[in-house]
Every structure is written in C-alpha cells, then in structure tokens.
1. If we count other beta carbons within 10 Å of each Cβ, what is the order of B:TYR65, A:TYR72, A:TYR16, fewest first?
2. Filter the cross-link list B:LYS278/B:LYS302; A:LYS49/B:LYS28; A:LYS7/A:LYS60 down to pairs whose alpha-carbon distance in this structure exceeds 18 Å.
3. Please give the direction-averaged projected area of the C-alpha convex hull for region B:35-86, in square nanometres with one decimal.
4. Can you give the average number of partner chain beta-carbon atoms within 10 Å of each beta-carbon in peptide B:145-153, as a whole number?
5. For A:ILE15, B:ILE82, B:ILE287, what ranking results if the residue with the fewest other Cβ atoms within 10 Å of its Cβ goes first?
6. Sequence gap of 8 or more, or different chains, plus Cα separation below 26 Å: how many lysine pairs satisfy both in region B:35-86?
7. When only alpha-carbon atoms count, how far does region A:16-71 stretch along each of its three principal axes, as whole angstroms with the largest first?
8. Below 8 Å between Cα atoms, with a sequence gap of 6+, how large is the relative contact order for region B:93-178 in percent?
Amino acid sequence: MTSDTNKFIELLEPIYNDAARYCRSLCSNRSPDDAEDVLQQSLLQALEKFDTLKDEGKFKSWLFTIITRVFYSSVRRHFWKKFLPLDSRPGMIEIPEIYNRLENLDSKSVLRAALAKISVKERTALLLFELAGFSMEEIKDMQEEKSLSAVKSRLSRARKKLKKYITGAELKTSRNTNSNISDEIEDIENETIKLTEQYKYGK
Amino acid sequence: MKQSNLRNNTNTENKGGNLNADYFSSLKKEDFSESFPKVESWLREVSIKNQNKIKERNFIKMKNYIWAHKMRLVYTVVVLAILVGACSIPVTQNEPIGNVISWTVPAGTSSAEFSGIPWITKSNLSISRNNNNGVNEDVYTVMLPGSTEEQLKNYEHDLEKIKEITTVKVFPLNENVKRPVYAAALHSFFRININASKMTDEELSKEIERQLNEQGIHPITVDFKGDGNGKRTLRLMLDSTDRTPRDFELRIEQDGNKEQVLKEKVKTDGDPDRFKGKSDDEIKQMIKSELDNPNIKDNDIKIIRDDKGNVKVKVEVEDKK
C-alpha cells in the first residue's frame, strides 16, 4: 500500500457520491452493471495516473474528465461488443455492487429514459452541468471543446430534447392512466348488471 | 455569477414547461455513499495487486530485454573477456634501476686516491685494464642502484677533483621487466606515498618536494593549504619547460586512518615560446582548452614573465577522490 493510494482515497471520499451518480446517469440506457464497469475503469485509471495529477485542488474535474473519457470508450466498446467477445481484463478484482438492480418506475426513471435518448456528448454536458455542478468553462475543457459557445448550444439542445421526451412520456403515462380508469368503470358496470340480473331472475 | 444564473434559468425554464426541475433533484438525492467503504477496500486491494504487477512487469521487461539483446550481451561479454585477456598479456619494459659511473686512470695509479670518497666501497667497485692505442689504462666502474640525478652530479664532482682521472662516464643502468599491460600502464604513474601523521603542513610540503625531486620532478613551489574543515589543498608549481608528459598519484595518509588521495595530471606546454606576445587571459584560455580539465581555475594558472620577455606557465590541477 502506497501513500499515493491513501491520498487518492482521501480525495475521492468527498466526491465519491457525485462520481457514482454521474456514472449511473451516464449509463441511463444501460444496466447498473455497465455503470459499475465505467466507475471501476475510471477509478482504476485515476489510481494508475494519480502521480500525474499536479494540483490536488483540481482532483474533481480531473476524475470527472477520466470518467467522461472512459464512458466514451465504453460506448464504442458497447457497440463492438455486439460483434466481438470483449471480456473485462482477466484476473481483475471486480468492483463491489454499488447500484440497486430493482429500481422503481418514478421520476428518476422517466429522466433516465429521456437522457438515454439524447446524444452521448449532450448527455455528458448536461449531467456535468446539472448533476456534478461544473461550470461551462470546465465542461469546455473536459469535453475538449475550443469554444464556450459550443458547450452553451449543446446544453441548450440537450435541454430542449429532454423536455420534449419527458413531456411525451408524461402524456403517454396520463393516457394510459385514463384508459385504465375507463376499463375499470366498464368492468364495474358490467358486474353491476350481472349481479342485478342474478338477483332479479335468480330469486 | 453568469454560470449560476444560467443554472437558475434552466430550472425556471423547466418549471415553466413539462420538464420539471424535480427530475434532476431526484437524481441529486440519490445516495451511494454507503458503498464507499466497499469501494475503498476494493481500491486498496487493487493497489496492492498493481504494485505486485509492476514488480512482475519489471522482471518480465528485464527478462525480455535480455532475451531480445542476447547477441549484443554475448558480444559485450566476449569483448570484455578479450580486453581482460589482452590486459594480462605480459609486455617487456626497459626500466632504469640505477647508474654506472666509470672513470679511467693511467695504468698503475694507486686506488688509494679514491678510498676517501664515501660512496665508493670495495663491494661496488670493479677494476679492469684496457689498452687504448698502445697505452694501458685502468677502468674503474662503480654501480650505483637507485641513485638520483643530483647524487650523480655530486659523484661526478667528487671524481673531477682527482687529477689522475682522465675521463669520467655515466651510464644509465637498465633492466628489462616483464609485466602485464595494465601493470605497465599503471607503472607509468609516479606514486608518492606519505604518512602525514603528526606532520605540519610545512613539513608535509617539504616531504612532497623531496620525494618529487627524487622522482626527477623539480617543483618550483609546493604549497599545502587547509580550509579549516579538514580539507587540505595541495598546490604545486611545476617547471613548464619540462616537456615530458607525466601523471602522478599522491597518497597521503592522515591521522585516524583517513586517507586523502590526490591525483595530479601534469602536461607540459610543448614550445615555451608559443606564449610570447600573448596576454594572460589568452594564455589561460589556451591552457584550459589544452588540459581539458573543468577543475582548472584561473588562479591555478601562474604566468611568470622575465625581463627577456620569456613566459613561463605553471599549472596546478587537483582532482580529489
């Protein structure tokens, strides 16, 4: 055990929750296993390259940059996984289970479903801004963009798309709910008629 | 400020539409901090494994390097073996072991004339008779092993005082010595060993000067300076007209078994006239470039100019081990 590892853990602890949340939201359209895989790879890379970090004050943005890059490569990997057997590194100790496998259908799920529909870069920018609290300037550096306006327009596009998808999902849910109520009323009416007839003639 | 306004605007926009800020706040409320202790122990485990892996990787790297460069390594070993072998080959060196003084007197001259001279003893004296153009003469020969140039001059002077002696000749006495190449190379060094225990700087300077004189090196000055921290610096001013290049090693044993080794490299300047008409700075520059020793400072180079315009340059270089 090196002092570097201790220092790494010490710096990781206060931002661990943000990092775990960010990974889960990035992998919105994928399983919790994939999100854990992204977190695992990111932490391993960060631990390996920790000696290259010059300013400890920038640990959070440094780690989130690594997570973002690992996520991008995991997206590419996910695509090739359909054609090639890309197993994880042999002999690697797997990260313990972090995410709940049985998530309820709530607002989180609606948002995740919507996030899954927007592009990878838009999703990353939006989550870095809304969830991790980074400034646009920081996101520009993390996404290796040349201008701030590129990040601004990306965020704007992402919000519009997200709004559209969430609105659509809410409408669909409401329609389903209304349809279910009508069915139930019809069932009650039928049952009432049936019981009335039974009472009338049965007697 | 601008950033935070933007973030607020986003929320306002979301609240105004169907996209509710609660969606993001529900994500923000997610808490995974409970899993941190597990992740922490996982990181520690991985770190230990990585350390072992690095060691393993280095070993494999070394193994691969040796395997990839096996021929080069074999050549290196062979070349080294050849070098060691070559250095062990004995070479013959002609080494002076002393001098022979020979003088001639007319035949029949009594040897009592020389009996008063202390360095002539019966054991080292031999007499032979020669016939030189019909004239008989006795040739006396004395072997003087380990004699110095100064001693020889004194001996010659002693013999010149005797009227009967017609000729005096001095021959160097050499012998062939076989030694390995490396020993022959080392032998070209002069070695001066001095036990400096209980010696003052002045006494030590005199002792060094005496030993250098015996080796045929005639320093103009020998100066021993201490810096107060136990470090003493030896400065030698050597005669630059002596054109024989030589190296010498000076070993001085101090009190408390401490040994200070000074290695002095002396190079002569070749043509002594080449400094004529040159400024001190130019001469110093010439010396520095010729000797190619970074330890040489301007103060180490002494320039002596005489009335005739001749320039003498003395360089004292010191390397400490």
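What follows draws every value from the coordinates through simple rules; no lab data is involved. Not measured: the values here are computed from a predicted model. Please note: Cβ atoms are built from the backbone with ideal geometry, for glycine as well, and neighbour counts cover all protein chains shown.
1. On the way: B:TYR65 11, A:TYR72 16, A:TYR16 21.
Going from least to most buried by this count: B:TYR65, A:TYR72, A:TYR16.
2. Details: B:LYS278/B:LYS302 14 Å; A:LYS49/B:LYS28 28 Å; A:LYS7/A:LYS60 14 Å.
Cα-Cα > 18 Å for A:LYS49/B:LYS28; rest within.
3. Values: hull surface 18.6 nm².
Orientation-averaged projected area of the Cα hull: 4.7 nm².
4. Working: counts 0, 0, 0, 0, 0, 0, 0, 0, 0.
What the average comes to for B:145-153 is 0.
5. Values: A:ILE15 16, B:ILE82 10, B:ILE287 23.
Ranking A:ILE15, B:ILE82, B:ILE287 by Cβ neighbours within 10 Å, fewest first, gives B:ILE82, A:ILE15, B:ILE287.
6. Step by step, the pairs that qualify in region B:35-86 add up to 10.
7. 35, 18, 16 Å, listed from the longest principal axis down.
8. Numbers: 137 pairs, mean separation 45.2, N = 86.
Rounded, it is 53 percent for region B:93-178.
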